[in-house]
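*Asks:* Below: one structure in structure tokens.
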There are 2 protein chains.
Amino acid sequence: MKALRSTRCPVSTTLDLIGDKWSLLIIRDIIFQKKYTYNEMLESVEGIATNILANRLKFLEKNELIIKRGLAANKLKKEYVLTEKGISMLPIIVEIILWGTEHLVEQEQSAVFKEIKKNKAKTLKKYTALLKERLHDVQQSN
Amino acid sequence: MKALRSTRCPVSTTLDLIGDKWSLLIIRDIIFQKKYTYNEMLESVEGIATNILANRLKFLEKNELIIKRGLAANKLKKEYVLTEKGISMLPIIVEIILWGTEHLVEQEQSAVFKEIKKNKAKTLKKYTALLKERLHDVQQSN
DNA sequence: CAGGATCCCATAGGATACTG
DNA sequence: CAGTATCCTATGGGATCCTG
């Protein structure tokens, strides 16, 4: 992943951040699947290679969408947490979910996706609150 | 561009459609910059190569986000029009614009982007109506 | 004008083995 | 457990020239 296109268009610069096959899936899993650690993500994100996952996590961290911290319980274990900037990406993901369920995927949906379809605003609020709570917990424990 | 990942996750399948550097920029230009023809896009989309543009247009057409039609005035000239499916992608782009203007791009914004920031729902409605009108015009002239 | 054809390079990304 | 290191391939994508 290279530097962002230095243009004045918010669409192209944002695409430089999440316009690839993987970044948004990682964020999706942090948000909806509660996958916070490296190996959890390795299993959860559909077939991502270990070097690619490492690369993306670093890239997302560098661009301040996530932060990494060690877990007190186990010094070896690290977990990733969405920053405020990362959390504010939720509306984008929600719209993508809505579009995808409407136009591409017809099968049974996960509970969260149904929830979004049923009441977007409410679900958005709920998950934003959850994520902020988690972020603040992490910031306090420093 | 390959086939879509056949998964049940709407995020990953949608990313297979627009999770690249270019596709969404093409759609952005059709919507906001009123770039409808090949050469207009070639100039407008930041430095895209001719083979890449052709590739993406074909891919978007194949996935029914755009349709192509010849212009009566000039048999050689073609123009691209968003389908209903393509138009319904507008909320995704709007959220990306909002996020990008908030977190990445600080400079003066284009009028449209300011409009979105000021009143998202209204702007969404307005552009959706405009695009549908154009689509119906095209469908009638067949 | 709307693309196709070609050439070529950089890099995304898969597989696997290894390490602090 | 959380990555690194390496090797290798596919393909994204730039530049340029060509054509119906």
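The values are calculated or read from the model by the stated rules, or taken from the named source; none is laboratory data. Everything numeric here is computed off the predicted structure, so don't read it as measured data. Methodologically, a virtual Cβ is constructed for each residue, glycine included, from the backbone with ideal geometry; neighbour enumeration extends over all protein chains shown. Ligands, DNA and RNA are stripped out before the accessible areas are found, and what is left, the full protein with its side chains, is counted by its heavy atoms. Shrake-Rupley method; radii C 1.70, N 1.55, O 1.52, S 1.80 Å.
*Asks:* Can you find even one residue in segment A:17-30 that is within 12 Å of DNA strand C (Cβ to nearest atom), of a type in the set (Ser, Thr, Tyr) and free of Cβ contacts under 8 Å to residues at least 60 places away in the same chain? Quick ask: steps written out before the conclusion?
*Replies:* Filtering segment A:17-30 down to residues within 12 Å of DNA strand C (Cβ to nearest atom) leaves A:18-26.
Okay, now just the ones that are also of a type in the set (Ser, Thr, Tyr), so A:23.
Among the residues that remain, those that are also free of Cβ contacts under 8 Å to residues at least 60 places away in the same chain are: A:23.
Yes, there is a match, as at least one residue in segment A:17-30 is within 12 Å of DNA strand C (Cβ to nearest atom), of a type in the set (Ser, Thr, Tyr) and free of Cβ contacts under 8 Å to residues at least 60 places away in the same chain.
*Asks:* Could I ask something else about it? Cβ-Cβ below 7 Å, separation at least six or inter-chain, first residue in segment B:31-51 and in contact (Cβ under 8 Å) with a residue 12 or more places away in the chain, second acidic (Asp, Glu): which pairs?
*Replies:* What qualifies is B:TYR36/B:GLU79; B:THR37/B:GLU79; B:MET41/B:ASP29; B:SER44/B:ASP29; B:VAL45/B:ASP29.
*Asks:* Looking at (1) aliphatic (A, V, I, L, M); (2) modelled with pLDDT of 95 or more; (3) open to solvent by less than 20 Å² (accessible area, probe 1.4 Å), which is the one condition that is false for A:LEU124?
*Replies:* Every condition holds for A:LEU124 apart from (3).
*Asks:* Determine, yes or no, whether B:LYS114 is more than 14 Å from every other protein chain (Cβ to nearest Cβ), assigned to a helix (DSSP H, G or I) and over 13 Å from the mean Cα position of the chain (by Cα).
*Replies:* It is false that B:LYS114 is more than 14 Å from every other protein chain (Cβ to nearest Cβ), assigned to a helix (DSSP H, G or I) and over 13 Å from the mean Cα position of the chain (by Cα).
*Asks:* Name, by its number, the condition in (1) within 10 Å of DNA strand D (Cβ to nearest atom); (2) touching a residue at least 40 places away in the same chain (Cβ under 8 Å) that does not hold for A:PHE59.
*Replies:* For A:PHE59, the failing item is (1).
*Asks:* Name every residue in segment A:1-45 that is open to solvent by 70 Å² or more (accessible area, probe 1.4 Å), within 14 Å of another protein chain (Cβ to nearest Cβ) and under 26 Å from A:LYS75 (Cβ atoms), in order of residue number.
*Replies:* A:GLN33, the sole residue that qualifies.
*Asks:* Only one of A:ILE67, A:ILE48, A:ILE96 is within 13 Å of another protein chain (Cβ to nearest Cβ), farther than 25 Å from B:VAL94 by Cβ and buried (at least 16 other Cβ atoms within 10 Å of the Cβ). Can you tell me which?
*Replies:* A:ILE48
*Asks:* For segment B:78-93, which residues satisfy the criterion of being more than 7 Å from chain A (Cβ to nearest Cβ) and aliphatic (A, V, I, L, M)?
*Replies:* Selection gives B:VAL81, B:LEU82, B:ILE87, B:LEU90.
*Asks:* Would you point out the residue of segment A:78-89, among those that are part of a helix (DSSP H, G or I) and surrounded by fewer than 21 Cβ atoms within 10 Å (Cβ to Cβ), that is nearest to DNA strand C (Cβ to nearest atom)?
*Replies:* Checking each candidate, the answer is A:LYS85.
*Asks:* Which one of B:LEU104, B:LEU42, B:LEU76, B:LEU24 is away from DNA strand D (no atom under 13 Å from the Cβ) and of a type outside the set (Phe, Trp, Tyr)?
*Replies:* When all the criteria are applied, what remains is B:LEU104.
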